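Notes follow once the structure below has been shown.
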Amino acid sequence: MSTTSTSRPGDVAAPAAAGGRTAPSIARRALDFSMDQAVWILLVLAIVIMGIFKPSFYSFGILSNILVQATVLGILAIAISMVILLGDINLATVGTAGFSALLGVMAMKAGLPVPLAIGLILVVGSLIGLLNGLIVTKLRANALIATLAMNMVLQGALLAITGGKSITSLPATYKFVSQGKIGGFPALPIVLIVVFAIFYIIWERTRFGRGLFAVGGNQRGAYIAGIDVDRVKIGAYVVSGLLSGLAGWLLSGYMGAVTSSFGTTYEMQVIAAAVIGGVSLTGGRGNMIGVLAGTLLLTVIQVGLAVLGIQSTLITLAGGLMIFVAVLIDASRNLYNSRT
């Protein structure tokens, strides 16, 4: 942007010319702002439109419910963003969440104390992420196929172990964070805010975060610069698995059960939330604030459509359209950035 305002010998003093350059400059800045903040603009529009059709949409109950509904989706969106930022993909986030939650709940039913059961869920999630990372980096497997296969294995194992039945009657201490309130406010959104704040710092302020952007932006260049590319990738998959396990615990606590179709409604939404939020599918670009906005946008639309009494089948259609929107936004950003 600054290059347009630097002095050039041929167009120095004429006031009219200077005034002529002002309008395009403002338009350019407005376009830059629109491209950078598209998701926030869409979020505000969605909230305003929902409020017009349903004024009660602005009630504390509905707005807090949106934050509750956004928590699991937001954590899974961070999980997949860790890998998309590398230019790879992790389609096993939902399967990891379900399988790790299942093992933790089964261990708890067998007598393992609740804190240790929750720790087991996080460890299992991390180990699944580690396995994914090793397969992708050491075996040079295609990330899409490898994690898709892993997701099918995990979901198949979940279905086989549960026999298609739900595991219910979970203790109150296990469900407290997911269903409890602190000072009259649901506890789940607090978890959402804390996790986003932590990963904002990791992405923006840590060496590991800089490594993610460097590897995703130019893997060969990152290697020449001395970055251990494989270690960064494996670390990203491990963190992705850890977050998936965390989402599994929170979702099972919120539902009060582990079901045979655990978390399947999130499978495509997590990708859409990350991409709408500005994490480029080609890697190397994204920010945590955008991922939060993408998560909130999808949740506002889904909760809003339900509040308006739209049929569930049309809500699914809206979810599919949002994924198309995510792809179009990502393509538009890439096209715009390539021309600027």
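The values are calculated or read from the model by the stated rules, or taken from the named source; none is laboratory data. This is a predicted model, so every value here is computed, not measured. Counting neighbours? That spans all protein chains shown, and the Cβs are built from the backbone with ideal geometry, glycine included. The protein model used for the area step is the full one, side chains on, heavy atoms only, and it has no ligands, DNA or RNA in it. Shrake-Rupley method; radii C 1.70, N 1.55, O 1.52, S 1.80 Å.
Two decimals, Cα atoms only, Kirkwood Rh: what is Rg/Rh over the chain? Before the final figure, lay out each step's value.
Details: Rg = 22.3 Å, Rh = 21.5 Å.
A ratio of 1.04.
How much length is gained on full extension from A172 to V327, taking 0.36 nm per residue of separation minus their Cα-Cα distance? Intermediate values should be presented prior to the final figure.
On the way: separation 155, 0.36 × 155 = 55.80 nm, distance 4.09 nm.
Between A172 and V327, full extension yields 51.7 nm more.
Treating the stretch 81-122 as a set of equal point scatterers at the Cα positions, no solvent, please give the Debye-formula log₁₀ I(q)/I(0) at q = 0.22, 0.25 Å⁻¹.
Cα-only, vacuum Debye calculation for the stretch 81-122: -0.67, -0.75.
Under a 1.4 Å probe, what is the accessible area of the chain per residue, stated in Å²? Please report the intermediate quantities before stating the final value.
On the way: 16360 Å² over 340 residues.
Heavy-atom accessible area per residue stands at 48 Å².
Just grab the label-to-label distance for N334 and A306, each label 7 Å out from Cα along the Cβ direction, in nm (one decimal).
Going from the N334 label point to the A306 one covers 3.3 nm.
Add -39500 (n - 2.57) for each DSSP H run of 4 or more in the chain, then divide by its residues: what number comes out at 222 nm, to the nearest 500 deg cm²/dmol? Provide the component values of the computation, followed by the final result.
Working: 14 runs with 250 residues, N = 340.
Taken over the chain, the calculation gives -25000 deg cm²/dmol.
Which entries in K109/K181; K109/K175; K109/K165 show an alpha-carbon gap greater than 21 Å? Each step should come with its number before you reach the end.
Working: K109/K181 25 Å; K109/K175 14 Å; K109/K165 15 Å.
Violating the 21 Å Cα-Cα cut-off are K109/K181.
Normalise the Debye intensity by I(0) for the stretch 267-340, one equal point scatterer per Cα, no solvent, then take log10 at q = 0.22, 0.26 Å⁻¹ and round to two decimals.
-0.92, -1.15
Quick check: from the Cα gyration tensor, does the stretch 203-340 come out rounded (a/c under 1.5), prolate or oblate?
Numbers: a/c = 2.84, a/b = 1.46, b/c = 1.95.
Oblate, because a/c is 1.5 or more while a/b does not exceed b/c.
In nm, to one decimal, how far is the modelled label at I201 from the one at K54, with both set 7 Å along Cα→Cβ?
Result: 3.7 nm between the two label points.
Using the Karplus curve 6.51 cos²θ - 1.76 cosθ + 1.60 with θ = phi - 60°, work out ³J(HN,Hα) for each residue of the stretch 27-39 in order, rounded to whole Hz, and write x for Gly and Pro.
Result, ordered by residue: 4, 5, 5, 5, 5, 4, 4, 5, 5, 6, 10, 4, 5 Hz.
The chain: longest stretch without exposed trypsin sites (Lys or Arg not before Pro) (DSSP loop, at most 15 other Cβ within 10 Å), sites themselves excluded?
Between the exposed loop sites, the longest stretch runs 166-340.
Can you send over the carbon and sulfur percentage of the accessible area for the chain, probe radius 1.4 Å, protein chains only? Before the final figure, lay out each step's value.
Working: 11300 of 16360 Å².
Within the chain, the accessible surface is 69 percent carbon and sulfur.
Length gain on complete extension for the stretch R231 to N142, per 0.36 nm per residue less the alpha carbon to alpha carbon distance? Walk me through the numbers on the way to the answer.
On the way: separation 89, 0.36 × 89 = 32.04 nm, distance 1.72 nm.
Gain in length upon complete extension: 30.3 nm.
Between I161 and F185, what FRET efficiency comes out of the Förster formula 1/(1 + (r/R0)^6) with R0 = 56 Å and r the beta carbon distance, rounded to 0.05? If you can, show how the numbers build up before the last one.
Working: r = 36 Å, r/R0 = 0.64.
According to the calculation, E is roughly 0.95.
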